[in-house]
Amino acid sequence: MSHLQKSKTAKVVAGFVGFAMALSFAFTGAVSPANAQSASDLAAQIQSLLATIQQLQARLNAVQGGSTGTTGGSYSFSVDLQLGSRGTDVMNLQKVLNSSSDTQVAVTGAGSPGNESSYFGPATRAAVRKFQAKNGISSTGYVGPLTRGRLNSMGGGVVVTPPTCVVNCGGVSGGALTVASAIQPSPTLAPQSAARVPFTRITLTAGGSDVQVNNITVERDGLSADAAFAGVVLLDDNGVQMGSAKTFNSIHQANVGDPFIVRAGTSRTLTIAGNMAGDNSSRNGQTASLSVVAVNTNGASVGGILPIMGATHTINSSLTIGTVTVARGSLDPAGAQTKSIGSTNLNFSSIQITAGSAENVRLSYVRWNQASSSGPNDLANVRTTIDGVDYPAVVSNDGKYYTSTFGSGIVIAKGNNKEIAIKGDVVGGSTRTVAFNIEKPTDVGVTGETFNYGISMPTNGANSSAQCSGTCGGPFGNGSIWYAGSTLTIDKGSITIEKAVGVPAQNVAVNLAGQPLGGFTADVKGEQITVASLTFTIATTGTKTAGSDASITNVTIVDQNGKVVAGPVDASGTGTTLTFTDTILFPIAKGTYTLKGKVGPGFGSDGTVIISTTPSSQWSTVTGQVTNSPITPSSATVTMNTMTVKNAALTISVSTDPAAQTVVSGAQQFTFANYQLSALSSGEDIRLNAFPAELNAASGATNLTNCALYDGGVQLNTGSNVINPSAQAS
């Protein structure tokens, strides 16, 4: 491969030498009077060609391991430059000019040393004139062949660093990431107050494993001021802002974007965009560009050519783009509130956006900032709601930002408005707070339908005098938080007691332990809760004898898994109350609990037992296990299903099917009768060890064989228990 490179380079150099010689002959011997050029012009062109040959020779020597008088890092100027030119040649020209104090483009600001731009403006032209005068060239300010020849002949005197390959330039493997220029936006106007104006696009591609990108370093270029930008932002593949807007530092750079992941084997195309200042009248006509100078990862190597510069836009202060006004939404709580864990469908925050008269606008996304003490696990079902339609809110890695996108966007016609609310459920986080703010005006993605520029939300807009109570402040400010939502405090844990439908009304046996007497559910949210004492009231009906024979005893509380959590206890006093003093731990869940016990034989049949409780007054020392705070349980009386006391009873009857009929001799599996056995009026299950059936036939008893009793399709007597009658009544 190295031999091939040497051969090709040598041929290129030889070709240029031959071309230079032929060109010199053509210039000296075949110039018509109508197009004659001055000797100085011809000399300049020849000098430029010789300088180009010198550069190629330097590259050849570098490949072959040789040396040259020209520094390998020097830059070759190969095209003419003039007022209005743009590109890398211009930036490197400014760097050469800035290498000498008497030819500097500028002392400070754009074009000064370290702040060179890619635009050839008046300051660059003035510096070129100084350079030309210094080197005996006509001071036209035009960088033609003669001036380029002088620049190139300076050789190693000035080293200009061209774009460099940062790591793994031949490809990417393992955890590496490559960066490449994507299809760039077209140069256009950057109107004042426009938001998210796209300047530069890049494509990031991960290798064999995921790569975390912490942020991207961008640098302002061009003949413009940093103040032309209110901030710069990073937009994801869908145009949604990633992280907050950032301002430039003293070296005109900013790190944009929150940490994000590029998945293994995939690519993401991102956009560097600018939020333009609200008043750029003093900067009208300046040109600006944004270059990507670094991709900062979490340790992964990065390959590609940097810097990457996209479009150069012209700053404009005269174009009138769309506007919106904002107000607090009608669904916003507009004040501090306290909600218990388990509260659902809460309105956390809301704003109303009204389109101005210039153009319809399209709402594409909103990013909420939840920076209070609660975390994502304390909330559930968080979504943004517009016109009754819910849009999922995707939470960021740090749990502080919730972003909702609206598909192709929601159009707000001129003069009309939409309310954007964020809702959700509280599922944890006792004593913590929730506040859904909108951190920056650009966190609401609105674009004009006519000019397609992003529209920044106004500050101190409509309804700006309204104040929510507490410390949340007024809406639409210009401080660290643009829209401050109301603060919601999550109350301590809660416990709700209800009748258990899973323990239905039923018959219970007399003098038999473990009979169901009632059931309740405990719905615990926020934190585990303990109850030190529980009292239940017993109500009975029917006739019963006096004394202990009519008592309810051996009562336990059993959870849904069959585990005894309290008891056994006996009814106290006159048999009207049950008091459990075992401390019960109720976990965070909705559980079913059953009271089981024994009803004394003194209860008359058909009497009823009804158990109830009022948790707020009959349950004591109810305590949250996280907050250690007292908790008030349900205040409503919970009356459980009625249990009916029944003695053991069995009712037997004969079905009318089959009807009386004539039987043909030899019939097989003939059904003689169906008996109905009912324990509906029994307080307990009935077991039959035998079922005697009598044959009443005047004669022919021995004509019957293989008589069996069936429960549906199941034969109950088999083998030697099958009956073959030998006589009547057998």
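Relative to the present Cα-Cα distance, how much length would full extension add between Thr656 and Val394 at 0.36 nm per residue of separation? Can you show the working numbers first?
Working: separation 262, 0.36 × 262 = 94.32 nm, distance 6.78 nm.
Extending this stretch completely gives an extra 87.5 nm.
In sequence order, region 125-130 has phi-based couplings of 4, 5, 5, 5, 4, 4 Hz under the Karplus curve 6.51 cos²θ - 1.76 cosθ + 1.60, θ = phi - 60°, and Gly or Pro positions carry x.
Could you please rank Thr639, Thr247, placing first whichever residue has the fewest other Cβ atoms within 10 Å of its Cβ?
On the way: Thr639 16, Thr247 12.
Ranking Thr639, Thr247 by Cβ neighbours within 10 Å, fewest first, gives Thr247, Thr639.
Full extension of the chain segment joining Thr592 with Ser572 gains 4.7 nm, where the gain is 0.36 nm per residue of separation less the Cα-Cα distance.
With only the Cα atoms considered, region 165-316 has a convex hull volume of 95 Å³ per residue. Could you give the Stokes-Einstein D for region 310-412 in µm² per second, using the C-alpha Kirkwood radius, 4 °C, 1.567 mPa s? Here the translational diffusion coefficient equals 79 µm²/s. Summing Lys and Arg as +1 and Asp and Glu as -1 over all other residues whose Cβ lies under 14 Å from the Cβ of Ile412 gives a net charge of -1.
Tell me, what is the FRET efficiency for Ile305 and Gln560 to the nearest 0.05, using R0 = 60 angstrom and their Cβ-Cβ distance as r?
Values: r = 65 Å, r/R0 = 1.09.
The calculated FRET efficiency here is 0.40.
Charged side chains reduced to their Cβ positions (Lys and Arg at +1, Asp and Glu at -1) give region 324-490 a dipole of some 120 debye around its Cα centre.
Ranked for footprinting exposure by Cβ neighbours inside 10 Å, fewest first, Phe248, Phe131 give Phe248, Phe131.
Find out how many positive minus negative residues lie around Ile341, taking Lys and Arg as positive, Asp and Glu as negative, among other residues whose Cβ is under 12 Å from that of Ile341. So the environment of Ile341 carries a net charge of -1. Neighbour counting of Cβ atoms within 10 Å sorts the residues His252, His313, fewest neighbours leading, into His252, His313.
Count the net charge of all other residues whose Cβ sits under 14 Å from the Cβ of Phe451, scoring Lys and Arg as +1 and Asp and Glu as -1. The partial results should precede the final answer.
Working: positive: Arg196, Arg362, Lys414; negative: Glu359, Glu449.
Net charge around Phe451: +1.
Remark: C-alpha extents of region 324-490 on the principal axes read 48, 33, 26 Å, sorted largest to smallest.
In this simple spin-label approximation, Ser533 and Thr553 carry label points 7 Å from Cα along the Cα→Cβ vector, and these lie 2.4 nm apart.
Each value in this text was obtained by applying a stated rule to the coordinates, not by laboratory testing. Values in this document were obtained by computation on a predicted structure and should not be read as measured data. When we count neighbours, we look across all protein chains shown, and the Cβ atoms used for this are built from the backbone with ideal geometry, even at glycine.
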